[in-house]
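Worksheet for the structure shown next.
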Amino acid sequence: MGVIKKSLRLKIAQGDTRKVGKRKLEEQLDAVPKAPRGLPADCPRHLNGHARRAWAFLKGELEAMHLDHRPDALALEAGCLAYGAAIDAEEVLAREGATVLIAGDPKKHPATSVRNAAWSRFTQFCDRFGLSPRARESLSIETPADAHAELMEILSRPRTPRIAPRKDIQ
């Protein structure tokens, strides 16, 4: 699959390790095209069973994480199809077993390859959309503290009484 590039937001949050310049990184971030928010309200008609349920669940999760962008609808559809194929293959293997007899010899069931490929595609989808623990870690960004809010928090704390020095001790 290859190395996944760090996002510009992550580079800015972690500091400019390559000495490109924070201003240049922010300019590059501003130049990134902004996709409109919102996935289609209706599930594609050709998604059935497990894929349809995956659409409803994943759409809700992407919306909750503010990762629901219109151009990503087709990628979501592909992820749901992969999930549906993986579950269908799992059910076939549970029903028929992991091996089949071909000309008297036990062979790996063809559904095993289908299952493995489908889970691989679904895992890649999850990694790209922040739907796995590893992907969420790479997406997490520490936002700089708001200086004004921090100052107000300090000023609103109750004062600790100062103990006056005793004058009788020298």
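The values are calculated or read from the model by the stated rules, or taken from the named source; none is laboratory data. Here the structure is a predicted model, which is why all the values come from computation and not from measurement. Positions of Cβ are backbone-derived with ideal geometry, glycine not excepted, and every protein chain shown enters the neighbour counts.
Descriptive notes on the structure:
- Residue tally, condition crowded, with 17+ Cβ neighbours inside 10 Å and of a type in the set (D, E, K, R), over the stretch 107-120: 1
- Filter result for Leu47 (without any contact (Cβ under 8 Å) to a residue 60 or more places away in the chain, surrounded by 11 or more Cβ atoms within 10 Å (Cβ to Cβ) and in a loop (DSSP other than H, G, I, E, B)): yes
- In the set (1) assigned to a loop (DSSP other than H, G, I, E, B); (2) surrounded by 13 or more Cβ atoms within 10 Å (Cβ to Cβ), the condition left unmet by Ala35 is number (2).
- Taking the stretch 127-149 as the range and being part of a helix (DSSP H, G or I) and either under 30 Å from Leu62 (Cβ atoms) or modelled with pLDDT of 70 or more (or both) as the test, the residues that pass are Asp127, Arg128, Pro133, Arg134, Ala135, Arg136, Glu137, Ser138, Leu139, Ala149.
- Residue in the stretch 74-95 that is hydroxyl-bearing (Ser, Thr, Tyr) and either modelled with pLDDT of 85 or more or under 23 Å from Cys126 (Cβ atoms) (or both) present: yes
- Residue-level check: of (1) without any contact (Cβ under 8 Å) to a residue 12 or more places away in the chain; (2) of a type in the set (A, V, I, L, M, F, W, C); (3) closer than 14 Å to Ala111 by Cα, Leu74 misses just (3).
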